[in-house]
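In what follows, a structure is listed as structure tokens, so that the remarks can point back to it.
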Amino acid sequence: MDAIILQILNGLDKGSAYALIALGLTLIFGTLGVVNFAHGALFMIGAFCAVTFQRLLSWSTKVVDETRTDFLGNPLQVDVYVMQSWFGDEVGQAIINWSVPLAILFAIPVMALIGVVMERGLIKHFYKRPHADQILVTFGLAIVLQEIVKAFYGANPIQTPAPPALSGVFDFGVLLGFDPFTITYPYWRLIYFVFAAVLIGGVFAFLRYTTFGMVVRAGMADRETVGLLGINIDKRFTIMFAIAACVAGLAGVMYAPINAPNYHMGMDFLVLSFVVVVVGGMGSLPGAVLAGFLLGILESFASIPAVIDVIPGINQIIIYLVAIAILLTRPRGLMGRAGVMED
């Protein structure tokens, strides 16, 4: 039982990342009809927003410490964090320790700006082009973005630790009535799942209960009619692209302590997340979320050593096998609309 619970937790952890990236992909496809292969790069940029913000908060300057001297009796110059100089030792250190959650405030305007620039500068020119053209140009953009990140940050992963207060593990064994420490799971991974659930719920609530969201959903169903009503649907779709970029970026920010950011992490997640979108149904937001968690859990159970011993490498291909099986029986995906990507 404890192994099953642990694999479910691992699946929810992976599924959270898949669902968030797939949600942004589906938002873009559902509103703009664009297959955006640069979306994984937005996830990667979000992770490096956390890296950048942590470095900014950890910036230090040299000050003279009158209490310490060198062998000649001269006061020593020591490095002091600017945050500690501004806010005091305890508060300044706390701000540095909590740099990853605080990076959300930094990432939102950065990712929104990047989203608007991408949509207005490039994507809008491919709205009416074939999906193959969209895939090629956005895939090329993804390569350009990751090479830019590689040039600035290097090729090696950059460790971005979670706050020390959240670096421990939660004991599910005691909670569920088992022996202590039979089922433990890192706090930050649990926080990531909760964060993903809140973010997904916020996107759905925004689309369902706000006037802006209702207009966007109407535009997704019939863009021309909404435009004839005098509504600037293009402007709203640009904002939706920025929102999708923010979703991917925030997913990357919070994932940075789980997987040390590197320049190719976006491409690693993109392929899997695109499979998630296809399995859930192109253009279906609930389908993307459902497929993300479903495939995350399946991949987790396929990674059990006993399963790998029976079918070596199954954990590497289980997602693709499930995708093939679903698409052979239901080409539109689990919750896709009839006619979408079926021709």
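Miscellaneous remarks
- Heavy-atom accessible surface of the chain: percent carbon and sulfur, 1.4 Å: 66 percent
- Spin-label pair I4-A197: with each label point 7 Å from Cα along the Cα-Cβ axis, the two points sit 2.0 nm from one another.
- Volume of the Cα convex hull of the chain, divided per residue and given in Å³: 195 Å³
- Rounded to whole numbers, the Karplus 3J(HN,Hα) couplings from phi for the stretch 35-48 are 8, 9, 7, 8, 5, x, 5, 5, 4, 5, 5, x, 4, 6 Hz, using 6.51 cos²θ - 1.76 cosθ + 1.60 with θ = phi - 60°, and x at Gly and Pro.
- Magnitude of the charge dipole, the chain, Cβ model with Lys/Arg +1 and Asp/Glu -1, debye to 20: 1220 debye
- Under 5 Å between amide hydrogens, built in the peptide plane, is the criterion, and for L76 it picks out D65, R68, T69, D70 among residues at least 5 positions away or on other chains.
- In terms of packing, defined here as the mean over residues of other Cβ atoms within 10 angstrom, the peptides 42-54, 187-199, 315-327 line up highest first as 42-54, 187-199, 315-327.
- Mean Cβ neighbour count within 10 Å, used as a protection proxy, ranking 79-88, 271-280 highest first: 271-280, 79-88
- Mean sequence separation of contacting Cα pairs (under 8 Å, at least six apart), scaled by the length of the stretch 194-262, corresponds to a relative contact order of 21 percent.
- Gyration tensor verdict on the stretch 1-138 (Cα atoms; rounded if a/c is under 1.5, prolate if a/b is larger than b/c, oblate otherwise): oblate
- Solvent-accessible heavy-atom area per residue, rounded to whole Å², over the stretch 92-230 at 1.4 Å: 57 Å²
- Most positive-pole-ward Cα, F206, L229, V277, against dipole of the stretch 198-320 from beta carbon charges: L229
- Amide H contacts for V169 (H built 1.01 Å from N in the peptide plane; partners 5 or more residues away or on another chain; cut-off under 5 Å): Y187.
- Dipole magnitude of the stretch 1-159, debye to nearest 20 (Cβ charges: Lys/Arg +1, Asp/Glu -1, about Cα centre): 840 debye
- Taking the C-alpha atoms only, the angle from helix 99-121 to the longest principal axis of the chain is near 40 degrees.
The values are calculated or read from the model by the stated rules, or taken from the named source; none is laboratory data. Note that this is a predicted model, so its numbers are computed, not measured. Positions of Cβ are generated from backbone atoms using ideal geometry, with glycine treated the same way; all protein chains shown enter the neighbour counts. What goes into the accessible areas is simple: the full protein's heavy atoms, side chains included, and nothing from ligands, DNA or RNA. Shrake-Rupley method; radii C 1.70, N 1.55, O 1.52, S 1.80 Å.
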